[in-house]
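The values are calculated or read from the model by the stated rules, or taken from the named source; none is laboratory data. In this text, all values refer to a predicted model and were calculated from it rather than measured experimentally. In this analysis, Cβ positions are derived from the backbone assuming ideal geometry, glycine residues included, and neighbour counts consider all displayed protein chains. Accessible surface areas use protein heavy atoms only, side chains included; no ligands, DNA or RNA. Shrake-Rupley method; radii C 1.70, N 1.55, O 1.52, S 1.80 Å.
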Amino acid sequence: MSFRTVSAALAAIVLSASPLAWGQQQGVSKTEILIGTIQDLSGPLAGYGKQARNGMQLRVDEANEQGGLHGRKLKLLVEDSGYDPKRAVLAAQKLVNQDKVFIIAGHLGTAQNMAAMPVQFEKNIVNFQPITAAREMYEPLHRLKYSFAATYYDQIRSMLPTLAREKGAKKVCIIYQDDDFGLEVLRGAEAGLKTMNMELGEKTSFKRGATDFSSQVARLKAANCDFVVLGTIIRETIGTIAEARKTGFAPTFFASSGAYTDLIHKLGGKNMDGLYAAMGAQHPYLDEASQPIRFWANKYKTRFNEDPTVLSVYGYTILDQLLQAVQKVGPNLTTDSFVKTMDTMSYPSDMFGAAPSSYSPTKRLGTDESRLSQIQDGRWKAVSGYVK
């Protein structure tokens, strides 16, 4: 037998022994499904990231306690982006190329997802329901993109005119984070005001990670703004409103779902009362009137020794919808079979009051509806039905 023949025979043996030769899907074995997620665990949104991770882990634990899906247990692999797009790329590279996950779900942050998605798509890895409401999460249409939340753009565009009229606003202004997230809020505000034949009276921005908003607030106050749209998340929302209260500046404040978190009233205190924000699910207070939410919230607290938040809910429901689709696929789980099944999925309103959602080969945003909520007496309360 020649050297060439021996080499060919050895190559054939190696090839036949490789998982790819068996048609095995990355991240899926006979006993396990690897699910990746990228969260901020150390940066400005670490509160959000830890809560989302815990919500995801709770749903994974529940599924595994019930025997997993089609004989496979689930394993959640978590990477920290620090809310930095460059670190998000490194996190995606590790999950996709080293850990070899089946899917990445619930990745937190707009700019972070934008940076990481090319890494995933190159290896045929779905970006499932990222925790950001940017339009780029489902546009342009891509077979590996699925988004669940009404966009920041649509939230502001649809709700701003009604709220501004209700408040008799004469000068609507905006403060926004100078990145993809903030620009979506800005564009939504401009589109909403256009339907009222109005324009923004003043625009001011800040860099991601900023902690001092005194000059921006002074600018809004000097412009006599009586309604301010907030393209802010946690500490920027608290900092802006606290500065305004300190200087006697009292416009109506309206934010996207990016600021819809109990951390606003927990950290900001009484100053935060009156803030409006878009929402897609009820906050799970431990003494919530709804018994199913109350039961779930106390289960979460028992598991993690802290109160759940709406980010915990997002993490939990993202994994729940993912697992429903995986269950429906059946034993032969691949990216292709998942996409084919996901494009037939519809989800009814859940116990957290989320709007019904559905997907198709040409519809990759689950729902474009959201509700208005307001902080009243130190807690979020829904003050409208769903708007689209």
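Here are a few things to note about the model shown:
- Candidates L333, L365 - the one that is among the aliphatic types (A, V, I, L, M), open to solvent by 10 Å² or more (accessible area, probe 1.4 Å) and at pLDDT 95 or above: L365
- Flag if L58 is in a helix (DSSP H, G or I) and at pLDDT 90 or above: yes
- Criterion violated by Q376 - all others in (1) in contact with a strand residue (DSSP E or B) (Cβ under 9 Å, 6 or more places away or on another chain); (2) open to solvent by 40 Å² or more (accessible area, probe 1.4 Å) satisfied: (1)
- Which numbered condition R59 misses (of (1) in contact with a Phe, Trp or Tyr (Cβ under 7 Å, 6 or more places away or on another chain); (2) free of Cβ contacts under 8 Å to residues at least 40 places away in the same chain): (2)
- Scanning region 276-302 for residues that are assigned to a loop (DSSP other than H, G, I, E, B) and either among the hydroxyl-bearing types (S, T, Y) or touching a residue at least 12 places away in the same chain (Cβ under 8 Å) (or both) yields a count of 8.
- So F206, is it under 27 Å from E306 (Cβ atoms) and not charged (D, E, K, R): no
- Take the conditions (1) more than 27 Å from R371 (Cβ to Cβ); (2) in contact with a Ser or Thr (Cβ under 7 Å, 6 or more places away or on another chain); G209 misses just one of them, which is (2).
- Residues of region 336-362 satisfying the condition of being under 16 Å from the mean Cα position of the chain (by Cα) and modelled with pLDDT of 95 or more: S357
- Failed condition for L267, given (1) open to solvent by 10 Å² or more (accessible area, probe 1.4 Å); (2) in contact with a strand residue (DSSP E or B) (Cβ under 7 Å, 6 or more places away or on another chain): (2)
- Complete set of residues in region 310-351 that are part of a loop (DSSP other than H, G, I, E, B) and under 18 Å from V60 (Cβ atoms): L333, D350
- Selected residue (only one of G68, G27, G36, G47 is under 28 Å from the mean Cα position of the chain (by Cα), surrounded by 15 or more Cβ atoms within 10 Å (Cβ to Cβ) and at pLDDT below 90): G47
- Single residue of S349, S357 found to be among the polar types (S, T, N, Q) and crowded, with 20+ Cβ neighbours inside 10 Å: S357
- When residues of region 263-275 are limited to those that are of a type in the set (A, V, I, L, M, F, W, C) and in a helix (DSSP H, G or I), the one farthest from the chain's Cα centre (by Cα): M272
- Filtered by the rule that a residue be β-branched (V, I, T) and touching a residue at least 24 places away in the same chain (Cβ under 8 Å), region 303-353 gives T309, V310, V313, T317, I318, V326, T334, T335, V339.
- Output for region 246-262, where each listed residue is open to solvent by less than 30 Å² (accessible area, probe 1.4 Å) and part of a helix (DSSP H, G or I): S257, G258, A259, D262
Yes/no per residue for (1) open to solvent by 30 Å² or more (accessible area, probe 1.4 Å); (2) among the aliphatic types (A, V, I, L, M):
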site: L286; (1), (2): yes, yes
site: A297; (1), (2): no, yes
site: R303; (1), (2): yes, no
site: D307; (1), (2): yes, no
site: K328; (1), (2): yes, no
site: D343; (1), (2): no, no
site: P361; (1), (2): yes, no
site: R371; (1), (2): yes, no
site: G385; (1), (2): yes, no
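- Total residues in region 368-382 satisfying the condition of being modelled with pLDDT of 95 or more and either among the polar types (S, T, N, Q) or more than 26 Å from P308 (Cβ to Cβ) (or both): the figure is 3.
- Hey, K86 open to solvent by 40 Å² or more (accessible area, probe 1.4 Å), part of a helix (DSSP H, G or I) and farther than 20 Å from Q321 by Cβ or not: yes
- Residue in region 184-200 that is in contact with a Cys (Cβ under 8 Å, 6 or more places away or on another chain) and closer than 20 Å to G274 by Cα present: no
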